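Engineer: Following this message is one structure expressed as structure tokens.
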Amino acid sequence: MKILAIETSCDESAVSIVEAEGERKKLNFKICAQLISSQAALHSQWGGVVPSLAKREHAKNLVPLLEEILLKARLGHYEPGPKQKDHLTVELAAQLRAQLEREPELLERLLQFLPTIKKPKLDAIAVTQGPGLEPALWVGINFAKALSLIWNLPLIPVNHLEGHLAAVLLGRTKIAFPALALIISGGHTELVLVKDWLDYTPLGATRDDAVGEAFDKVARILSLPYPGGPAISKLAIHGSLNPDYQLPRPMLKSDNYDFSFSGLKTAVLYLVKKLETETSGGLTNIQRADIARQFQQAVIEVLLLKVAKAIEQFQPRTIIVGGGVAANEELRRQFTEGLTKKYPAISLRLPDSSLATDNATMIATAGYLHWLSGNIPSLDRADGNLRLA
Ligand code: KG4
Ligand code: ZN
């Protein structure tokens with residue numbers, strides 16, 4: 001089946017068309033086309049994502065993205081003539097107006113665009129329901145609902161975190177369960193036992209900042225641009241593990257699977273302040289690079305050790321790592337080296353770096369897993385705090 005997926009949980013407006021086939025034991029996915037419109041440059045001037053701005057941008061972006069992706073996937077036909085308009089009847093247009101009452105920009109753009117194409121050959125629409133920024137989520141959901149109405153297609157609500165896990169299915173699709181999953185993104189840090197797809201037992205989570213959030217905040221302390229993760233990892237390449245800048249490894253010895261990264265961020269802040277008073281000025285580039293390297297190393301070590309501890313207790317057959325921070329090259333290297341050496345029988349599954357950060361392909365993939373389960377809940381609202389259950 002061909003799934004159109006829509007992702008608007010944060011500051012990326014993303015759409016994807018994925019062709020999915022097979023049963024749970026034998027899946028197959030092909031990306032027909034995918035597009036991501038990042039708002040990072042817009043939000044960077046505020047040092048982080050502003051929900052109302054994100055909402056406005058999604059409303060502006062979605063219809064042009066739809067137009068482009070239908071063309072890319074060769075599903076958009078522009079043959080003029082009255083027949084082409086048959087999927088937007090007068091009654092449907094009236095229903096659309098009622099449904100998008102609170103999304104005037106989307107409505108206007110859709111009313112202009114839809115009559116210019118034929119109904120595309122799609123089988124379902126998957127959309128992120130949460131977690132994320134609710135105003136941003138709502139735009140994607142309203143958009144998906146509008147298309148589902150006009151094209152009479154089933155709507156599959158998807159948990160964004162599940163999408164981050166399902167991103168590893170693009171590539172090798174066979175996963176041996178049980179799996180242990182580590183989700184490390186801008187909003188979440190969670191360790192989860194996955195008995196099978198859609199069967200999750202949370203083991204631990206961050207008690208304060210998420211890993212990606214810590215990267216973003218430390219980047220600000222080091223005067224690096226938003227998003228901080230890519231900026232820190234680039235700078236850290238030039239740094240060394242200077243023992244003078246040793247940082248704490250929070251909750252390493254705690255008797256649970258929880259994390260805490262806000263103390264680590266504060267430790268960086270104090271270190272930077274101390275160095276600034278000592279030198280009575282700004283840090284040198286070498287100092288900043290060394291601190292970036294030490295911060296990144298502290299994060300990787302904590303994550304790796306907690307995963308190793310959970311491996312000992314739960315004996316998983318697969319480790320899945322997902323979320324934006326999984327794009328970090330040094331983390332990928334140390335996880336691959338550390339885990340495959342110590343646990344050669346366990347398979348480590350990292351998403352392709354381009355699919356680690358937010359995208360809609362992962363939403364289509366997770367949507368298909370739900371489709372196969374035959375249990376598709378109705379989508380009545382965005383849920384900013386949606387959990388993996
Ligand atoms: O999964 P994601 O795209 O969005 C959320 O669901 O939150 O994750 C975004 C987070 C940001 O905090 C960003 O700084 C971080 O992932 N990130 C990275 C890297 N690329 C993105 N962190 C460390 N190293 C990277 N290369
Ligand atoms: Zn994400």
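The values are calculated or read from the model by the stated rules, or taken from the named source; none is laboratory data. Bear in mind that the values here come from a model prediction, so they are computed numbers and not experimental data. Because the Cβ atoms are built from the backbone with ideal geometry, glycine has one as well, and the counts that use them run over all protein chains shown. Only protein heavy atoms, including side chains, enter the accessible area calculation; ligands, DNA and RNA are left aside. Shrake-Rupley method; radii C 1.70, N 1.55, O 1.52, S 1.80 Å.
Engineer: Over all directions, what mean area does the Cα convex hull of the range 174-253 project, stated in square nanometres?
Structural biologist: It is 7.6 nm².
Engineer: Also, quick follow-up: Using only protein heavy atoms and a 1.4 Å probe, report how much of M251 is accessible, in Å² to the nearest 10.
Structural biologist: 40
Engineer: Determine the per residue accessible area of the chain with all protein chains present and a 1.4 angstrom probe, expressed in square angstrom.
Structural biologist: Numbers: 16920 Å² over 389 residues.
That works out to 43 Å² per residue.
Engineer: Is the shape of the range 1-70 rounded, prolate or oblate, going by the alpha carbon gyration tensor and its root eigenvalues a ≥ b ≥ c, with a/c under 1.5 for rounded and a/b larger than b/c for prolate?
Structural biologist: Values: a/c = 3.37, a/b = 2.21, b/c = 1.53.
In terms of gyration-tensor shape, prolate.
Engineer: Also, I was wondering about something else. Can you tell me the FRET efficiency between E301 and R172 if r is taken as the Cβ-Cβ distance and R0 is 30 Å, rounded to the nearest 0.05? Walk me through the numbers before you get to the answer.
Structural biologist: Working: r = 28 Å, r/R0 = 0.92.
That pair, E301 with R172, gives E of 0.60.
Engineer: When only alpha-carbon atoms are used, what values of Rg and Dmax, in angstrom, describe the range 226-305?
Structural biologist: For the range 226-305, the Cα radius of gyration and maximum Cα-Cα distance read 13.1, 42 Å.
Engineer: Can you flag which of K121/K145; K2/K72; K25/K341; K306/K341; K30/K72 are past 20 Å Cα-Cα?
Structural biologist: Working: K121/K145 17 Å; K2/K72 14 Å; K25/K341 28 Å; K306/K341 16 Å; K30/K72 14 Å.
Checking Cα-Cα distances, K25/K341 exceed 20 Å.
Engineer: With the Cα gyration tensor of the chain in hand, give its eigenvalues times 5 under a square root as the equivalent ellipsoid semi-axes, listed largest first in whole angstrom. Before the final figure, lay out each step's value.
Structural biologist: Details: eigenvalues 313, 126, 53 Å².
Each semi-axis is √(5λ); the values are 40, 25, 16 Å.
Engineer: May I pose another question? If packing is taken as the average number of other Cβ atoms within 10 Å across a peptide's residues, how do 179-185, 95-101 rank, most packed first? Mind dumping the intermediate values first?
Structural biologist: On the way: 179-185: 26.1, 95-101: 15.1.
So the peptides 179-185, 95-101, ranked by packing, come out 179-185, 95-101.
Engineer: Right, another one. Just to make sure I understand: if all protein chains stay in place, what is the order of D216, D255, D199 by accessible area at 1.4 Å, largest first? List each step's numbers first, then the result.
Structural biologist: Details: D216 35, D255 145, D199 65 Å².
So, going from the largest accessible area down, we get D255, D199, D216.
Engineer: Rounded to the nearest 500, what is the chain's calculated 222 nm mean residue ellipticity when only DSSP H runs of at least 4 contribute -39500 (n - 2.57) each, over all residues? Please list the in-between numbers first.
Structural biologist: Working: 13 runs with 171 residues, N = 389.
Calculated at 222 nm, the ellipticity per residue is -14000 deg cm²/dmol.
Engineer: Run the 1.4 Å probe and let me know the accessible area of Y200, rounded to the nearest 10 Å².
Structural biologist: About 20 Å², ignoring ligands and nucleic acids.
Engineer: Still on this structure, please answer the following. Under a 1.4 angstrom probe, counting protein chains only, how are K26, K217 ranked by accessible area, largest first?
Structural biologist: Numbers: K26 150, K217 55 Å².
The most accessible residue leads, giving K26, K217.
Engineer: Would you mind checking which residues have amide H under 5 Å from D258's amide H? H placed 1.01 Å from N; only 5 or more apart, or other chain.
Structural biologist: Residues meeting the criterion, in which the H sits 1.01 Å from N, are A205.
Engineer: Taking only C-alpha pairs under 8 Å that are 6+ residues apart, what is the relative contact order of the chain in percent? Intermediate results must be reported in sequence, preceding the final value.
Structural biologist: Numbers: 796 pairs, mean separation 89.3, N = 389.
23 percent.
Engineer: For the range 128-234, report the % of Cα-Cα distances exceeding 21 Å. Present the calculation step by step, with values, prior to reporting the outcome.
Structural biologist: Working: 3013 of 5671 pairs.
It works out to 53 percent of all Cα pairs.
Engineer: Which log10 I(q)/I(0) values, to two decimals, does the range 269-389 give at q = 0.23 Å⁻¹ under the Debye formula with one point per Cα?
Structural biologist: Result of the Debye calculation: -1.30.
Engineer: Taking only the C-alpha atoms, wrap a convex hull around the range 31-132 and report its volume per residue in Å³ as a whole number. Working shown, then result.
Structural biologist: Working: hull volume 13.5 nm³, N = 102.
Dividing the Cα hull volume of the range 31-132 by its residues yields 132 Å³.
Engineer: Test of understanding: what is the full-extension gain from R102 to K118, defined as 0.36 nm times their sequence separation minus their Cα-Cα distance?
Structural biologist: On the way: separation 16, 0.36 × 16 = 5.76 nm, distance 2.61 nm.
Gain on extension, R102 to K118, equals 3.2 nm.
Engineer: Using a 1.4 Å probe on the protein heavy atoms, what percent of the accessible area of the range 153-304 belongs to carbon and sulfur? Write down the numbers at each step before the final one.
Structural biologist: Numbers: 3290 of 6050 Å².
Accessible surface attributable to carbon and sulfur in the range 153-304 totals 54 percent.
Engineer: Same structure, new question: Kindly provide the Kirkwood hydrodynamic radius of the range 128-191 in Å, to one decimal, from all pairs of distinct alpha carbon atoms. Present the calculation step by step, with values, prior to reporting the outcome.
Structural biologist: Values: mean 1/r = 0.0724 Å⁻¹.
Every distinct Cα pair counted, the radius reaches 13.8 Å.
Engineer: How high is the relative contact order of the range 14-155, in percent, with contacts defined as C-alpha pairs under 8 Å that are six or more residues apart? Mind dumping the intermediate values first?
Structural biologist: Numbers: 165 pairs, mean separation 33.0, N = 142.
Relative CO of the range 14-155 lands at 23 percent.
Engineer: Could I ask something else about it? Could you order I36, I3 so the one with the most accessible surface comes first? Probe is 1.4 Å. It would help to have the intermediate numbers written out before the result.
Structural biologist: Numbers: I36 80, I3 0 Å².
From most accessible down to least: I36, I3.
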